[in-house]
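The values are calculated or read from the model by the stated rules, or taken from the named source; none is laboratory data. Computed from a predicted model, the values in this text were never measured in an experiment. Glycine gets a Cβ as well: all are built from the backbone with ideal geometry, and neighbour counts include every protein chain shown.
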Amino acid sequence: MKYFNLIGDSLGKKIDLLDLEDESTVQDLIEYLSKKYGEKFNYLVLDESGNIHPHIRLFINNQVTNPQVKQKLNEGDTVSFFIAIIGG
């Protein structure tokens with residue numbers, strides 16, 4: 001796991017090594033992180049319904065992914081969360 005910008009700052013880490021069960025999906029990962037980090041993670045990453053906020057970008061192995069799709073994770077995958085920031 002890699003956490004960028006406010007997510008990493010809030011959790012107090014930029015990298016996390018996780019050992020998930022075989023056949024785990026992105027949704028399983030999000031539930032695991034929600035339980036592990038609680039309100040800090042939930043506030044920044046999840047909406048009131050428990051879905052990923054639209055402003056969060058999720059990458060698996062440097063490829064953007066749709067967190068609503070039940071995508072299976074494989075051993076050795078690198079998952080990255082960051083907040084999409086726009087400015088001008």
**Prompt:** All but one of (1) touching a strand residue (DSSP E or B) at 6+ places or on another chain (Cβ under 7 Å); (2) exposed (fewer than 10 other Cβ atoms within 10 Å of the Cβ); (3) of a type in the set (S, T, N, Q) hold for Asn62; which doesn't?
**Reply:** (1)
**Item:** Odd one out for Lys13 among (1) assigned to a loop (DSSP other than H, G, I, E, B); (2) surrounded by fewer than 12 Cβ atoms within 10 Å (Cβ to Cβ)
**Value:** (2)
**Fill in**
Over region 26-41, the set of residues surrounded by 12 or more Cβ atoms within 10 Å (Cβ to Cβ) and either within 17 Å of Asn66 (Cβ to Cβ) or of a type outside the set (Ser, Thr, Tyr) (or both) is Val26, Gln27, Asp28, Leu29, Ile30, Glu31, Leu33, Lys36, Lys40, Phe41
**Prompt:** What are the residues in region 1-23 that are more than 13 Å from the chain's Cα centre (by Cα) and among the small types (Gly, Ala, Ser), if any?
**Reply:** Ser10, Gly12
**Message:** Looking at Leu6, Leu44 in this structure, which one is crowded, with 17+ Cβ neighbours inside 10 Å, within 16 Å of Ile83 (Cβ to Cβ), among the hydrophobic types (A, V, I, L, M, F, W, C) and touching a helix residue (DSSP H, G or I) at 6+ places or on another chain (Cβ under 7 Å)?
**Reply:** Leu44
**Request:** State whether one or more residues within region 23-35 are under 14 Å from Gly76 (Cα atoms), in a loop (DSSP other than H, G, I, E, B) and at pLDDT 85 or above.
**Result:** yes
**Complete:** Scanning region 65-82 for residues that are surrounded by fewer than 15 Cβ atoms within 10 Å (Cβ to Cβ) and of a type in the set (A, V, I, L, M) gives Val69
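Find the residue count for region 61-87, including only residues that are outside any loop (DSSP other than H, G, I, E, B), farther than 17 Å from Gly8 by Cβ and either touching a residue at least 60 places away in the same chain (Cβ under 8 Å) or out of contact with any Leu (no Cβ under 7 Å at 6 or more places or on another chain) (or both). So that I can check it myself, show each step before the final result.
Keep residues of region 61-87 that are outside any loop (DSSP other than H, G, I, E, B), which gives 63-65, 72, 79-83.
Going one step further and asking which of them are farther than 17 Å from Gly8 by Cβ, we end up with 63-65, 72.
Restricting the remaining residues to those that are either touching a residue at least 60 places away in the same chain (Cβ under 8 Å) or out of contact with any Leu (no Cβ under 7 Å at 6 or more places or on another chain) (or both) gives 63-64, 72.
Selection size over region 61-87: 3.
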